[in-house]
């Protein structure tokens, strides 16, 4: 979770960006490991290829009231989906326990499973941006297939405030500027925009990782 977002669309930041990181398994993972061994590359090298895929989902703070011009007729349903997703993480209780998310134990959800499959299945996958980039956290290794959905999801305002209090509201963490990586130059990369409505792809000229 990154607040504010780590990608911008038409120059606009969103309140939150969630990343679902998928690592290769089985034969693909073995081949990737063998390839990196031949290259004698280590994490942190510019040519280190992670061979991961990341799905990025934008969120904007909203309670789906009439005064929010960004909301559509489906806002309430989207909000219910995102609320179920975030509530399952039990964030309030985790932070109330004083955990700071620095160890694996700090991330453990005590009350069951997070409905990730239900959440992903509910997302609008018809329009998205795609490019080859890097991780956004150190060592920022290359070889990441990014898919960033165009349609943003609403997140309940109290949940957004809770998350911001741990990142952009914390002056002891990055001077209160949040936990997002700064926007990077394109560096020769091509960003494709794929839309289910048009069925085509075109280069997207905004900055990315």
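Since every read-out is calculated from the coordinates, none of them should be taken as a lab result. Not measured: the values here are computed from a predicted model. Cβ: placed from backbone, ideal geometry, glycine included. Neighbour counts: every protein chain shown.
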Going by how many other beta carbons lie within 10 Å of each one, how would you line up 35, 13, fewest first? 35, 13
Nitroxide proxy distance, nm - points 7 Å out along Cα→Cβ at residue 92 and residue 137: 2.6
A student asked for the Cα radius of gyration and Dmax of the stretch 122-169 in angstrom ought to give 14.5, 36
